[in-house]
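Novice: Supplied in structure tokens, the structure appears directly below.
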Number of protein chains: 2
Amino acid sequence: MLSTTPRTTLGRKKHRAVTDRAVLHAVLDDGLICHLGVVRDGVPLVLPTGYGRDGDTLYLHGSTGAASLRKASEDLDVCVTVTLLDGIVYARSVNNHSMNYRSAVILGKAKLVTDADAKMHGLKVLTDHLAPGSWEHAREVNAKEFAAVSVLSLDLAEASVKMRAEGPDDEADDVGADTAWAGVLPVRTVFGAPEPSADLSPGWVIPPHVTDRE
Amino acid sequence: MLSTTPRTTLGRKKHRAVTDRAVLHAVLDDGLICHLGVVRDGVPLVLPTGYGRDGDTLYLHGSTGAASLRKASEDLDVCVTVTLLDGIVYARSVNNHSMNYRSAVILGKAKLVTDADAKMHGLKVLTDHLAPGSWEHAREVNAKEFAAVSVLSLDLAEASVKMRAEGPDDEADDVGADTAWAGVLPVRTVFGAPEPSADLSPGWVIPPHVTDRE
């Protein structure tokens, strides 16, 4: 079960909170980017970045700027949020319009991964999430690149999931009046046809780990 | 031109920053949800929420919890980020894998909209963004609903846009080696077929503002 500390209890509409670790993992695995929140000079800063999950550890690229915010002697308070928008909910009243979505919010301290093996593992997890199959297909990380990149890890201990996955929740009077359409317009994220690089040599067939991605 | 204060200068890869207000507006108009960052108890909190833009004002639903964080006597420091993921960039090396994206980051103080006309205008802007046409089609906001909802406004004065929209940026040695495929897998957000509510009375035709949405 997910912890439900006051920090991850998101106020109103608590019925939409989910406390199942498998659901948390599924949301994180379905997302492609996260939004990383940090506090800088006392105000919030939210930046999009890639991530990857292994068990109950989330890895983040340090190149987001978060690493530079982290003082050498301490970990960095972060909030990582992954949101999947699933539909626009058209209700019979303007007020009851809504969205179907799945959202994971993780609070904790991001740690700089310094152990070389752990850092290389983090890079593999990040690559497997961004581009499954590329870790095996593409040229591996060399020593110079490895030194230049930083990886942050975040424990999934303090996390919450909220979701809405239903039709419009209209007032009985509005249903009876029957003066407006109601339903859901699904929203999906899809991949298009792969576009080979302009400088790719002739004869390349697009590899299965790209063509078969869903 | 967009301001480029130190706060919205995002560190490395500054060549990806865009300082054109039309581009900012386009990113905000293309997005469906934003990620709202606030500071709570000294740590960041990032929540997904709907928004809408009118000129250089962004409107947010107060129901995100942000309104409750705002002390009655002062405005709330927020960061609002809208990210559109456009593609996965497969490079010849693991290290040069990347993403094509457009991202807007707005910093400022969110103000509670209290004037009744301005608040109703904010609700219309929010509705027009979430579900264009619904403001005219669905039952209007009544007095009770109007009193229960809160609207926040945020000036777009301090904002930045970053984007990447190109093929892989590989090392010359990797291009020459020609041992891996390189290209872009486009990512798109699309609408599916509208799903009428289970309790919709027979005979309804799905209205054009839903079927024609792109």
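The values are calculated or read from the model by the stated rules, or taken from the named source; none is laboratory data. If you're wondering where the values come from, they're calculated on a predicted model, not measured in any experiment. Cβ placement follows ideal geometry from the backbone for every residue including glycine, while neighbour counts extend to all protein chains displayed.
Novice: Looking only at the stretch A:131-148, decide whether some residue is touching a Leu at 6+ places or on another chain (Cβ under 9 Å), more than 9 Å from chain B (Cβ to nearest Cβ), among the aliphatic types (A, V, I, L, M) and surrounded by 17 or more Cβ atoms within 10 Å (Cβ to Cβ).
Specialist: No, because not a single residue in the stretch A:131-148 is touching a Leu at 6+ places or on another chain (Cβ under 9 Å), more than 9 Å from chain B (Cβ to nearest Cβ), among the aliphatic types (A, V, I, L, M) and surrounded by 17 or more Cβ atoms within 10 Å (Cβ to Cβ).
Novice: Take the conditions modelled with pLDDT of 95 or more and part of a loop (DSSP other than H, G, I, E, B) and apply them to A:LEU32. Does it pass? Steps first, please.
Specialist: Details: modelled with pLDDT of 95 or more: yes; part of a loop (DSSP other than H, G, I, E, B): yes.
Yes; evaluated as a whole, the condition is true for this residue.
Yes/no matrix, rows are residues, columns are (1) crowded, with 21+ Cβ neighbours inside 10 Å; (2) modelled with pLDDT under 95; (3) in contact with a strand residue (DSSP E or B) (Cβ under 7 Å, 6 or more places away or on another chain):
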{"position": "B:THR57", "(1), (2), (3)": "no, no, yes"}
{"position": "B:ALA67", "(1), (2), (3)": "no, yes, yes"}
{"position": "B:LEU85", "(1), (2), (3)": "no, no, yes"}
{"position": "B:HIS121", "(1), (2), (3)": "no, no, no"}
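Novice: Okay, moving on. Can you find, within the stretch B:71-82, the residue that is nearest to A:THR127 (Cα to Cα) among those that are out of contact with any Cys (no Cβ under 9 Å at 6 or more places or on another chain) and modelled with pLDDT of 65 or more?
Specialist: Going through the stretch B:71-82, the residues out of contact with any Cys (no Cβ under 9 Å at 6 or more places or on another chain) turn out to be B:71-79.
From the residues that got through so far, the ones that are modelled with pLDDT of 65 or more too are B:74-79.
Working: B:GLU74: 43, B:ASP75: 40, B:LEU76: 37, B:ASP77: 34, B:VAL78: 31, B:CYS79: 28 Å.
Residue satisfying both the conditions and the ranking: B:CYS79.
Novice: Quick check on A:ASP173: is it within 10 Å of chain B (Cβ to nearest Cβ), over 18 Å from the mean Cα position of the chain (by Cα), surrounded by fewer than 17 Cβ atoms within 10 Å (Cβ to Cβ) and on the phi > 0 side of the Ramachandran plot?
Specialist: Working: within 10 Å of chain B (Cβ to nearest Cβ): yes; over 18 Å from the mean Cα position of the chain (by Cα): yes; surrounded by fewer than 17 Cβ atoms within 10 Å (Cβ to Cβ): yes; on the phi > 0 side of the Ramachandran plot: no.
No: the conditions fail for A:ASP173.
Novice: Inside the stretch A:111-214, counting only strands (runs of 3 or more DSSP E) that do not spill past its ends, which hold 2 or more residues that are in contact (Cβ under 8 Å) with a residue 60 or more places away in the chain, more than 30 Å from B:THR211 (Cβ to Cβ) and not polar (S, T, N, Q)?
Specialist: A:151-155, A:158-164
Novice: Among the residues of the stretch B:122-161, how many are small (Gly, Ala, Ser) and under 17 Å from A:ARG92 (Cα atoms)?
Specialist: 5
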